[in-house]
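**Student:** Handing you this structure, nothing more for now.
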Amino acid sequence: MNADFTADDLAFQVEVKEFLENEFPSAYRKKIDARQRLTKEEIVDWQKILFRKGWVAPNWPEEYGGTGWTPTQKYIFSTEMGLVGAPEPVPFGMTMVAPVIMAYGTEEQKKRFLPDILESNVWWCQGYSEPNSGSDLASLKTSAVRDGDHYVVNGSKTWNTYGQHADWIFCLVRTDNTVKKQEGISFLLIDMKSPGITLKPIVLLDGHPEVNEVFFDEVRVPVDNLIGEENKGWTYAKVLLTHERTNIAGVPRGKRRLGSLKRQAAETDDGFGGTMADNPNFKRKLAQAEIELLALEYSELRTLAALTVGKAPGPESSILKIVGTELAQSMDEMLVELAGYGCLPFLPEQYEEGFEGEIFGPGNSASAALTYFNNRKLSIFGGSNEIQRNIISKAVLGL
Amino acid sequence: MDFSQTEEQQMLQESVQQFVRKSYDFDTRNSIVATAEGYSAEFWKLFAELGWLTVPFSEADGGFGDSAVDLTVMMDEFGKALVVEPYLATVVLGGGIIAALADEKTKGELLPQIMSGDLQLSLASAEHGGRYNPLNVATTAKAEGDSIVLDGVKTAVLNGSNASYIIVTARESGDVSASDGISVFLVPTDSAGVSIQGFTTIDGRSSSEVKLEAVSVDASARLGLPGKAAEALVLVNEKATLACAAEALGALESMLHKTVEYSKTRKQFGTSIGTFQALQHRMADMFIQCQLARSIVIRAAMKIDSSESTVEKAKAVSAAKSRIGYAIKAVGQEAIQIHGGIAMTEELDVGHLFRRVTALDIMFGDADYHTERYASL
């Protein structure tokens with residue numbers, strides 16, 4: 001038993017570090033450190049840098065422009081990205097819809113959609129959840145009724161991230177009302193410019209309209225945009241949901257955040273003549289978070305080691321989702337604690353994309369509560385942590 | 001990177017599993033606990049024949065290779081079966097100190113006896129005032145001519161009543177918490193001035209409190225250089241701490257398994273209680289705790305076997321003992337709760353596993369102690 005990388009892997013790690021050092025624009029890094037949002041243009045620019053390097057889609061098969069990396073190389077890459085705060089490509093196209101198109105799309109659909117996803121020419125968003133279908137996703141009601149060469153789509157989707165930037169949306173729609181709820185769902189690709197689509201931004205607790213509600217009113221979608229067979233969409237979506245769960249442990253990001261919390265603690269008075277870094281209560285919280293991160297990292301490595309010998313990722317990945325998100329949320333609490341009074345100003349505008357003014361508040365403390373609020377989503381999305389516990393109790397414990 | 005077991009580790013694991021299946025059921029274990037010695041001499045000889053007593057010794061010392069990963073593989077299985085034989089006291093602690101500090105002559109004499117199952121040992125390190133720090137030593141060692149005179153009280157002396165020698169940590173110089181000035185002495189248990197009060201622990205092990213009143217030993221009873229035992233003591237302590245963490249891990253997984261199986265068969269309100277989501281999620285949480293605990297114990301074992309610094313090793317062990325301490329509370333208490341009243345009885349093994357992990361949490365430092373130690377290193 002050992003947790004060492006091979007010499008080849010270590011050389012690869014150096015290559016990735018050097019690439020990020022030289023190619024990840026320092027302006028973006030600065031913004032991310034200040035918790036400011038990148039603009040669409042900046043995100044696309046970074047993804048195109050990755051594309052030109054050939055590293056934008058590590059999880060794609062080589063024939064479609066993937067990297068052909070081993071699981072360990074993929075792990076190293078995403079670890080190094082996380083350690084410098086470089087954003088992973090926006091997942092909706094690259095890691096969510098693309099694998100479904102590859103697995104179930106026609107040759108023509110592959111040719112039509114995949115290259116533009118790879119090159120970040122086309123921006124995708126997700127149409128899954130509905131106002132009345134959250135964790136019980138299969139109860140969705142947005143309907144698609146066949147009319148000649150088209151489907152006519154009516155209904156609404158919610159929690160749609162980046163819809164305002166998107167050119168296309170992939171949707172789960174109901175095509176049969178008369179069967180078991182999972183068996184009447186289809187997987188449809190819809191052009192966001194289609195007449196009848198409207199977007200309503202939803203402002204979240206952090207004051208940012210991060211998500212939208214998308215309304216479909218008699219939207220006509222060519223049948224060519226159906227993926228696979230009609231009424232088989234649920235099967236395809238489940239494949240996609242497993243993809244959504246990989247990388248969710250967030251260990252490198254956690255390490256980076258923990259380092260920043262430690263530095264911040266050393267600069268924050270505890271009110272009793274010392275700093276928060278020496279404060280016994282806070283010190284203990286930091287140590288516990290660090291220990292949890294180690295346990296999480298080695299759980300991820302154990303999963304990775306199983307992958308490298310050809311085992312499929314099991315429902316154990318639910319552990320990574322639950323523990324990773326709960327740990328991240330505990331760090332958010334520490335962030336608020338360190339900020340103290342500094343977290344009270346509600347100034348979401350200074351974190352909006354394109355903000356050029358000076359950030360108010362010492363040490364960017366005005367972002368602390370906003371981060372805390374925003375990250376409550378972590379245990380809700382991607383299959384809520386309760387759904388993950390259902391998966392563990394059914395698939396692992398056999399209950 | 002490779003987290004799979006070597007062939008040797010697999011064989012070791014299977015050999016313990018096979019022994020437990022064939023010879024160490026719950027009733028047998030309880031009847032051993034009820035004996036005066038609190039362990040089975042017959043099984044101890046068998047452990048020796050199976051080679052288990054050689055595991056934490058280097059090949060140079062005639063052992064199996066002194067791999068921490070090997071040790072955790074074995075302790076894990078011991079934990080599942082609630083094994084009470086004094087492996088930790090005689091082999092890991094006693095043997096560990098002798099291997100680290102004794103001269104070749106003493107090693108040549110004692111180590112083979114340990115590995116053949118002919119010698120029982122005990123380490124008298126902990127004191128009432130020292131909490132879990134092995135370097136907090138108030139027991140004194142004063143030179144008088146060619147002799148050394150020992151005075152002090154030692155607690156949590158595992159296997160003291162069965163041991164031929166008690167290995168005593170004592171201070172020759174320095175403050176009570178100074179790392180310099182600590183020596184260890186090999187004291188025959190029948191020496192004048194040694195009184196051993198034996199008792200059974202909450203988890204069915206034989207332990208004792210040892211009083212040393214003007215115990216005179218020859219200077220040759222000192223293992224290693226005068227006042228220089230701290231480093232070896234700490235390293236042996238790390239290994240013993242890890243061994244306890246690994247044993248607790250096995251016990252916790254056993255509790256999880258038993259709880260899940262029980263919930264599938266126990267019927268209330270016309271259905272098995274395992275169908276209730278309120279319980280399913282709690283068992284899922286128990287599973288998560290076990291997995292995290294396993295990850296961090298494996299990590300600590302790998303670090304001990306690596307060439308990293310003593311500080312890194314200490315941090316890895318403290319991280320593991322801290323994390324498993326929290327898992328012990330979470331998994332242990334839930335196992336009792338989900339079983340309900342039946343787990344409160346002595347009839348069921350779950351309650352005994354709960355007692356065992358409660359003791360293992362305390363031994364060599366609980367979760368809070370090791371969190372503090374981790375943060376201070």
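Just so you know, all these numbers are worked out from the coordinates, no wet-lab data involved. Source: prediction; values computed, not measured. All Cβ positions, glycine included, derive from the backbone under ideal geometry; neighbour counts span all protein chains shown.
**Student:** Charges on Cβ only, +1 for Lys and Arg, -1 for Asp and Glu, centred on the Cα centroid of the range B:7-119; of B:T106, B:Y87, B:G38, which one is farthest towards the dipole's positive end?
**Tutor:** B:G38
**Student:** Another question about this same structure. Could you tell me what a quarter of the Cα convex hull surface of the range B:122-228 works out to, in nm² with one decimal place?
**Tutor:** Values: hull surface 24.7 nm².
Directional mean of the projected Cα hull area for the range B:122-228 stands at 6.2 nm².
**Student:** Please report the spacing between the Cα centers of the range A:5-37 and the range B:265-328 in Å, no decimals.
**Tutor:** 33
**Student:** Roughly what would the spin-label model give for A:S26 and B:V153, points 7 Å off Cα along C-beta, in nm?
**Tutor:** The modelled label-to-label distance comes out at 6.5 nm.
**Student:** Related question: In debye to the nearest 20, how big a dipole does chain B give about its Cα centre with +1 on each Lys and Arg Cβ and -1 on each Asp and Glu Cβ? Intermediate values should be presented prior to the final figure.
**Tutor:** Values: 32 positive and 49 negative charges, 252 e Å.
With only Lys, Arg, Asp and Glu charged at Cβ, the dipole is about 1220 debye.
**Student:** From the gyration tensor of the Cα coordinates in chain A, what semi-axes in whole Å does the equivalent ellipsoid have, largest first, with each one equal to sqrt(5λ)?
**Tutor:** Details: eigenvalues 261, 128, 97 Å².
Taking √(5λ) for each Cα gyration eigenvalue gives 36, 25, 22 Å.
**Student:** Dipole magnitude of the protein assembly as shown about its Cα centre, charges +1 at Lys/Arg Cβ and -1 at Asp/Glu Cβ only, in debye to the nearest 20? All intermediate terms of the calculation are to be shown ahead of the outcome.
**Tutor:** Working: 74 positive and 104 negative charges, 341 e Å.
Result for the protein assembly as shown is approximately 1640 debye, rounded to the nearest 20.
**Student:** First select every other residue whose beta carbon is under 15 angstrom from the beta carbon of B:G62; then total the charges, Lys and Arg +1, Asp and Glu -1. Mind showing how you got there, number by number?
**Tutor:** On the way: positive: B:K105, B:K107; negative: B:E59, B:D61, B:D66, B:E104, B:E109, B:D118.
Taking every Cβ under 15 Å from that of B:G62, the sum is -4.
**Student:** For the range B:152-180, list residues with backbone N below 14 Å from a point placed 7 Å from the Cα of B:L225 toward its Cβ?
**Tutor:** It comes to B:180, nothing else.
**Student:** If each residue of separation counts as 0.36 nm, what is the full-extension length gain between A:E326 and A:D136 once their alpha-carbon separation is subtracted?
**Tutor:** Numbers: separation 190, 0.36 × 190 = 68.40 nm, distance 2.19 nm.
My answer for the length gained is 66.2 nm.
**Student:** At A:K48 and A:K200, where each label point lies 7 Å from the Cα along Cα→Cβ, what is the point-to-point distance in nanometres?
**Tutor:** The modelled label-to-label distance comes out at 3.6 nm.
**Student:** What does the charge dipole of chain A about its Cα centre add up to, to the nearest 20 debye, if the Cβ of each Lys and Arg holds +1 and the Cβ of each Asp and Glu holds -1? Show your work: numbers first, answer last.
**Tutor:** Values: 42 positive and 55 negative charges, 165 e Å.
With only Lys, Arg, Asp and Glu charged at Cβ, the dipole is about 800 debye.
**Student:** Nearest 0.05, what FRET efficiency do A:D8 and B:Q10 give at R0 = 25 Å with Cβ-Cβ as r?
**Tutor:** With R0 = 25 Å, the Cβ-Cβ based efficiency is 0.35.
**Student:** Most mobile of A:G184, A:G273, A:G310 per a Gaussian network model of chain A (Cα springs, under 10 Å)?
**Tutor:** Of A:G184, A:G273, A:G310, the most mobile in the Gaussian network model is A:G273.
**Student:** Which residue, chosen from A:L172, A:L294, A:S367, occupies the Cα position most advanced towards the positive end of the dipole of the protein assembly as shown, where the dipole is computed from +1 (Lys, Arg) and -1 (Asp, Glu) charges on Cβ about the Cα centre?
**Tutor:** A:L172
**Student:** So what are the ³J(HN,Hα) numbers for the range B:61-67, from phi and the Karplus equation (6.51, -1.76, 1.60; θ = phi - 60°), rounded to whole Hz, Gly and Pro as x?
**Tutor:** In residue order, the calculated couplings are 8, x, x, 7, x, 6, 9 Hz.
**Student:** A further question follows. Just to verify a number: FRET efficiency for A:R376 and B:A278, C-beta to C-beta distance, R0 = 25 Å, to 0.05? Walk me through the numbers on the way to the answer.
**Tutor:** Details: r = 23 Å, r/R0 = 0.91.
Computed FRET efficiency for A:R376 and B:A278 comes out at 0.65.
**Student:** For B:K45, give me every one of the lysines with a C-alpha distance below 18 angstrom, ignoring sequence neighbours fewer than eight places off in its own chain.
**Tutor:** B:K22
**Student:** Read phi for every residue in the range B:253-258 and hand back ³J(HN,Hα) as whole Hz from Karplus 6.51 cos²θ - 1.76 cosθ + 1.60, θ = phi - 60°, with x for Gly and Pro.
**Tutor:** 5, 5, 5, 4, 4, 5
**Student:** Separate question: What are the residues whose amide H is under 5 Å from the amide H of A:E353, where those residues sit 5 or more places off or on another chain and H is modelled from the backbone?
**Tutor:** Counting only residues 5 or more places away or on other chains, the set is A:R37.
**Student:** Among the trypsin sites (Lys or Arg not before Pro) in the range B:103-142, which ones are in a DSSP loop with at most 15 other Cβ atoms within 10 Å of the Cβ? Mind listing them? Walk me through the numbers on the way to the answer.
**Tutor:** Working: sites: B:K105, B:K107, B:R131, B:K142; in loops: B:R131.
For trypsin sites (Lys or Arg not before Pro) across the range B:103-142 that sit outside H, G, I, E and B with at most 15 neighbouring Cβ atoms in 10 Å, the list reads B:R131.
**Student:** Right, another one. What does the helix-only formula give at 222 nm for the protein assembly as shown: each DSSP H stretch with n ≥ 4 adding -39500 (n - 2.57), the total divided by the residues, and the result rounded to the nearest 500 deg cm²/dmol?
**Tutor:** Helix-only estimate at 222 nm: -15000 deg cm²/dmol.
**Student:** Distance between Cα centroids, the range A:56-86 to the range B:30-99: provide it in whole Å.
**Tutor:** Centre-to-centre (Cα) distance: 45 Å.
**Student:** Treat each spin label as a single point 7 Å out from the Cα along the C-beta direction, and report the B:L50 to B:T140 distance in nm.
**Tutor:** 4.7
**Student:** Under 13 Å from the Cβ of A:T175, count the other residues' Cβ atoms, weight Lys and Arg +1, Asp and Glu -1, and hand me the total.
**Tutor:** Working: positive: A:K141, A:R146, A:R174, A:K181, A:K232; negative: A:D147, A:D176, A:E183, A:E229, A:E230.
Surrounding charge for A:T175 is 0.
**Student:** Where does the charge balance sit around B:A359 when Lys and Arg score +1, Asp and Glu -1, over other residues with C-beta under 11 Å from its C-beta? Mind dumping the intermediate values first?
**Tutor:** Values: positive: B:R205, B:R355, B:R356; negative: B:D203, B:E247, B:D361, B:D366.
My count for the surroundings of B:A359 gives -1.
**Student:** Long-range amide H contacts for A:D270: which residues qualify at under 5 Å (H placed 1.01 Å from N, peptide plane, sequence gap of 5 or more or a different chain)?
**Tutor:** A:T275, A:M276
**Student:** Round to the nearest 0.05 the FRET efficiency obtained for B:Q337 and A:T178 when R0 = 41 Å and r is the Cβ-Cβ distance. Mind showing how you got there, number by number?
**Tutor:** Numbers: r = 45 Å, r/R0 = 1.10.
So, using R0 = 41 Å, E works out to roughly 0.35.
**Student:** Tell me, B:K303, A:K193, A:K30 in order of fewest to most beta-carbon neighbours within 10 Å? Before the final figure, lay out the partial values.
**Tutor:** Working: B:K303 23, A:K193 8, A:K30 11.
Ranking B:K303, A:K193, A:K30 by Cβ neighbours within 10 Å, fewest first, gives A:K193, A:K30, B:K303.
**Student:** Enumerate the amide H contacts of B:L50 below 5 Å, restricted to partners 5 or more residues apart or on another chain; note that Pro and chain-start residues carry no placed amide H.
**Tutor:** none
**Student:** Could you give the angle, 0 to 90 degrees to the nearest 10, between helix B:310-339's Cα long axis and the longest principal axis of the Cα atoms of chain B?
**Tutor:** Helix B:310-339 sits roughly 40 degrees off the main axis of chain B.
**Student:** Could you put B:K211, A:K232 in order, starting from the residue whose Cβ has the fewest other Cβ atoms within 10 Å?
**Tutor:** Working: B:K211 14, A:K232 17.
Exposure proxy ranking, most exposed first: B:K211, A:K232.
**Student:** May I ask for the longest run of chain A untouched by GluC sites (Glu not before Pro) that are loop-located per DSSP and have at most 11 neighbouring C-beta atoms (other than their own) within 10 Å? Provide the component values of the computation, followed by the final result.
**Tutor:** Values: sites that count: A:E356, A:E358.
Maximal segment without exposed cleavage sites: A:1-355.
**Student:** Within the range A:98-166, report the trypsin sites (Lys or Arg not before Pro) that DSSP leaves as loop and that have at most 16 other Cβ atoms within 10 Å.
**Tutor:** On the way: sites: A:K110, A:K111, A:R112, A:K141, A:R146, A:K157; in loops: A:K141.
Here the sparse-neighbourhood loop sites are A:K141.
**Student:** Measure nothing but the geometry: give the 0 to 90° angle between the long axis through the Cα atoms of A:40-53 and the longest principal axis through the Cα atoms of chain A, rounded to 10°.
**Tutor:** Its long axis makes an angle of about 90 degrees.
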